[in-house]
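Take a look at the structure set out below.
The values are calculated or read from the model by the stated rules, or taken from the named source; none is laboratory data. Not measured: the values here are computed from a predicted model. Cβ atoms come from the backbone with ideal geometry, glycine included; neighbour counts cover every protein chain shown.
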Amino acid sequence: MGSEAQCTARVKGRTVAGKARLETEVLEFRGADLKLSIPFKSVRTISVSGDALNIDHTEGRVTLDVGANASRWAEKILHPPSRAQKLGVKPGWTASAIGVDDEQFLKELKKSVAFLSIGRAIKGNDAIFFSATREADLRQLEKLKTMIKPDGAIWVIRPKGRPEISERAVMAAGKAAGLVDVKVVGFSQTHTAEKLVIPVAQRKR
């Protein structure tokens, strides 16, 4: 999940209260009558004044009073981590990608791990990246669990804000398969990734 802050936005002489949110590739602000979506790549300059971010981008200038984390936000906007880094990918990993159609991510993943199986889960994965679009897809978790190492993980990649598959559904399906959810990250502007692992007490080598 991206970083969030209740804040005010100052833009074109207006001051609006709302919520700012850092996603993987975009900074969003939502207020009563103001919505902003600023792709990181559109940012020309950014500076920090106390608790405020001063952002010049292709559509103009905005100041966001995001609080004590202003410097950290500026660093993330200027130097965003790759998706592989956000997902904790390690160079020596064996991984599988099931149903993932994001070609850019697959290329990045292939460069980041020792071995990647695309389209079929193999045994002994450090991580499985599993794309699910419907709640029914989550029935595969029980089988996929047998394909990961005791300390491995299954990342469920699902569309955001879709009633067909909710965060609650992923958590429930994971629990039914003997898995626990430990982390959620923004995978893209349209998708979320949720990390499921085998409980420590149940891991056998």
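Just a few scattered comments:
- Here residue 120 clears all of (1) surrounded by 14 or more Cβ atoms within 10 Å (Cβ to Cβ); (2) of a type outside the set (Asp, Glu); (3) more than 15 Å from the chain's Cα centre (by Cα) except the condition numbered (1).
- Single unsatisfied condition, residue 186 versus (1) over 21 Å from residue 23 (Cα atoms); (2) surrounded by 13 or more Cβ atoms within 10 Å (Cβ to Cβ); (3) not charged (D, E, K, R): (1)
- When 72, 61 are checked against the criterion of being modelled with pLDDT under 95, charged (D, E, K, R) and either assigned by TED's automatic domain parsing to the domain that holds residue 9 or not in a helix (DSSP H, G or I) (or both), 72 stands alone in meeting it.
- Residue in segment 44-54 that is on the phi > 0 side of the Ramachandran plot and at pLDDT below 95 present: yes
- Segment 14-45 - residue that is basic (Lys, Arg) and more than 14 Å from residue 66 (Cα to Cα) and, of those, farthest from the chain's Cα centre (by Cα): 14
- Within segment 84-137, tally of residues that are in a loop (DSSP other than H, G, I, E, B) and at negative phi: 18
- Residues that are free of Cβ contacts under 8 Å to residues at least 40 places away in the same chain and over 22 Å from residue 31 (Cα atoms) were ranked within segment 73-87; the one that is surrounded by the fewest Cβ atoms within 10 Å (Cβ to Cβ) is 79.
- The set of residues from segment 17-42 being of a type in the set (A, V, I, L, M) and surrounded by fewer than 17 Cβ atoms within 10 Å (Cβ to Cβ) comprises 17, 32, 34.
- Here is the figure for segment 123-172: residues that are within 18 Å of residue 204 (Cα to Cα), without any contact (Cβ under 8 Å) to a residue 40 or more places away in the chain and surrounded by fewer than 21 Cβ atoms within 10 Å (Cβ to Cβ) total 7.
For (1) modelled with pLDDT under 95; (2) aromatic (Phe, Trp, Tyr); (3) within 14 Å of the chain's Cα centre (by Cα), each residue gets a yes or a no:
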{"residue": "108", "(1), (2), (3)": "yes, no, no"}
{"residue": "147", "(1), (2), (3)": "no, no, no"}
{"residue": "150", "(1), (2), (3)": "no, no, no"}
{"residue": "162", "(1), (2), (3)": "yes, no, no"}
{"residue": "172", "(1), (2), (3)": "no, no, no"}
{"residue": "177", "(1), (2), (3)": "no, no, no"}
{"residue": "185", "(1), (2), (3)": "yes, no, yes"}
{"residue": "190", "(1), (2), (3)": "yes, no, yes"}
